[in-house]
């Protein structure tokens, strides 16, 4: 593969990742969110593998496999099981003002480009142009966590943010050192168990996974 | 070698306690294990004191006067907390608030949490530092929701989500740091090592590091509990079991601040300006002011002291941001005495709320008559917290104030207002709780007094007289943070 082709392919995948981030941001059906998340992980894993192939940085293959294994197979599977067990797979989340959220999302993408401009100038890597999109994915995940009211969608925002961070590491530096990537994956796995437990606790205590009703702990006068 | 033993003790203990956590002597095992880690950390500290900083385990670990003092503090407070937790959790168990499984879970997670903090302090690698900070959060999330009340679950969820968001920003900052470091140090794991980075900090690209620090500040600042990222802190402190509140307040916040200070000295070394320091001063001062005014309107006793933690972490962050030998010295002393005092106060608070069956301050009365040790413990702790002489916090706040008057005189009034408001707010709340007659709903308990006594006498000693070895030690650490 020539370098130009790799850059093109990588850009395409980055664009697809951004697209899935926006799709996550406005998708209201819990089940569909899960599908989109799996696709995002798939694009991410593919992009990592292509970069690994083109640059000869072989530990990226391991990262790619880790991503595919965790974010396309394991986490969606765990969440799928949980959603079925909790009987919320048909649930549709009510959402406030989708167009406004979209607009804020677009502003965040522009902001990410602006923020990473000095780094793109410094970098000579072939992936430098995707760093802005990676930061945008982080920001959109954050936005999703802030705007959503459902515990599952908040967690999906969290995981999308984690995808963005991983993508940022590949774009900026061809991946973090192996020990760090493995550690992050381990933390993510523990986090997955914890939110799994949480879904049950919230569901049994509040009779629903809508976190809107969890607003008791406020400063009262 | 000592270092490896230190880390292995807590991890093995975590595994063992996961199985025997509800055994009759499990709390004693917990105490013994924690005491062993304390002994190991003292050996480690002596080694550093005599031979200076060193790295171990193929550069994976790094020990210098700055982190080793926090290691000793961490293991000491975890030991006294496990002594306190023995009584406290037994009372909770007999009240039926926790059962067999939760006791096992509690003990295992307690040790895992200590392990994560020790790892964060001792690692040489900024990536592993991040991983350990995240692990420390994850280990405590389910401890905050241990009682499974709606409030506890809400608090834990908030803690999980907000700290997750925050710490993600710190990871992005770490990626940027790695990007800058790689250009100087070359590819591979070596580029994230503190020992290498601190040597080449002048060559790191300033534009990238500035951007990195913004993310690191927000990320680790969330865990320090700095305003405006502090929302998780009062909830997590008030709803979890009290031993956990004590270690969250006394230890975790310190470790997060430690991470921030390390990042700051890199960034300011690279940019040659005082940008990172200024940011820390801003966040610190804002936290001090917001938290001290929030103290005025608290009703829950544990929330009150959670806000007081935000206030004190604000002061310490401010001090490290100010920089210079006196302020940095003051900041380190402040971290030490605050964590000793705050955990002691939480011990008393825990027993006080057990006596009254509530955390509502309006219903906690007559503590000194009801249980003199608990009452006096709380009163003396609050006196120390509000910066009254002769306690250690007076000394550290005095140092920080002196440095402020010298370097940034215009900020002095703000600092003084914050301290004065906090002083007034704490006393207004605590005075009626300790004085007065015993209310009819108060129940007598057998309190664990040794930890409070130990902590308070150390705080008193540090206020009256700073041992030569400690000041020498701090000066070595101050020299490192230039």
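Quick one: which of B:175-186, B:398-409, B:267-278 comes out on top by average Cβ neighbours within 10 Å, and what's the full order, highest first?
Ranked by mean Cβ neighbours within 10 Å, highest first: B:175-186, B:267-278, B:398-409.
Can you give the helix-only mean residue ellipticity at 222 nm for chain B, where every DSSP H stretch with n ≥ 4 adds -39500 (n - 2.57) and the sum goes over all residues, rounded to the nearest 500 deg cm²/dmol?
-26500 deg cm²/dmol
Measure nothing fancy, just the Cα-based angle from helix B:206-224's long axis to the longest principal axis of chain B, in degrees from 0 to 90, nearest 10.
Tilt of helix B:206-224: around 10 degrees.
Pop the C-beta distance of residue B:475 and residue B:32 into the FRET formula with R0 = 41 Å and round what comes out to the nearest 0.05.
It comes to 0.75.
Place a point 7 Å from Cα of residue A:104 in the direction of its Cβ. Which residues in the range A:7-50 have their backbone N less than 14 Å from it?
A:25-26, by backbone N distance to the label point.
Nearest 10 degrees is fine. How inclined is helix B:150-185 to the longest principal axis of chain B, computing both from alpha carbons?
10 degrees
With r defined as the distance between the Cβ atoms of residue B:358 and residue B:274 and R0 fixed at 51 Å, what FRET efficiency is calculated, to the nearest 0.05? Walk me through the intermediate numbers first.
Values: r = 47 Å, r/R0 = 0.93.
So the FRET efficiency works out to roughly 0.60.
Determine the distance separating the Cα centre of the range B:165-237 from the Cα centre of the range A:51-90; give it in Å without decimals.
Value for the Cα centre distance between the two parts: 26 Å.
Can you tell me the equivalent ellipsoid semi-axes for the range B:284-482? Use √(5λ) from the Cα gyration tensor, largest first, whole Å.
Working: eigenvalues 200, 71, 26 Å².
Over the Cα atoms of the range B:284-482, the ellipsoid semi-axes are 32, 19, 11 Å.
Mind sorting B:394, B:293 by how few other Cβ atoms lie within 10 Å of their own Cβ, fewest first?
Numbers: B:394 19, B:293 16.
Ascending number of Cβ neighbours within 10 Å: B:293, B:394.
For peptide A:114-125, compute the average count of partner chain beta-carbon atoms within 10 Å of each residue's beta-carbon.
3
May I ask for the angle, rounded to the nearest 10°, between helix B:26-51 and the longest principal axis of chain B, with both axes built from Cα atoms and the value confined to 0 to 90°?
30 degrees
Can you give me the P(r) profile for chain B? Cα pairs, bins 10 angstrom wide beginning at 0, each as a whole percent.
In whole percents, the pair-distance histogram is 4, 22, 33, 27, 11, 2, 0, 0.
Between residue B:55 and residue B:453, how many nm apart are label points set 7 Å from Cα along the C-beta direction?
My value for the distance between the label points is 4.6 nm.
Under a plain spin-label model, where a point goes 7 Å from the Cα along Cα-to-Cβ, how far apart in nm are residue A:5 and residue A:96?
5.0 nm
Where in the range B:226-260 does the amide nitrogen come within less than 17 Å of the point 7 Å from the Cα of residue B:95, taken along Cα to Cβ?
Only B:237-246 pass the distance filter.
Along the three principal axes, how long is the range A:3-213 when you take its alpha carbons, biggest first, rounded to the nearest angstrom?
Computed over the range A:3-213, the largest-to-smallest principal extents equal 53, 35, 23 Å.
Between the range B:43-61 and the range B:72-136, what's the alpha-carbon centroid distance in Å?
Cα centroid of the range B:43-61 versus Cα centroid of the range B:72-136: 24 Å apart.
For chain A, modelled as a Gaussian network with Cα springs under 10 Å, which listed residue fluctuates most, A:135, A:122, A:209?
Judging by the Gaussian network model, the answer is A:122.
Can you give the Kirkwood hydrodynamic radius for the protein assembly as shown, in Å, rounded to one decimal and based on Cα pairs?
25.8 Å
What is the order of A:86, B:462, fewest Cβ neighbours within 10 Å to most?
The order, fewest Cβ neighbours first, is A:86, B:462.
Once you put a point 7 Å from the Cα of residue A:53 and another 7 Å from the Cα of residue A:193, both along the Cβ direction, what distance in nm separates them?
About 3.6 nm, to one decimal.
Please average, across the residues of B:156-169, the number of beta carbons from any other chain that are within 10 Å of each residue's own beta carbon, and give a whole number.
Neighbouring Cβ atoms belonging to other protein chains average 5 per residue here.
Rounded to the nearest 0.05, what FRET efficiency is calculated for residue B:299 and residue B:465 with R0 set to 51 Å and r the Cβ-Cβ distance?
FRET efficiency, residue B:299 to residue B:465: 0.85.
Rule-based calculations on the coordinates, nothing more; no lab input. These numbers were taken from a predicted model, which means no experiment stands behind them. Note that we place each Cβ from the backbone using ideal geometry, even for glycine, and neighbour counts take in every protein chain shown.
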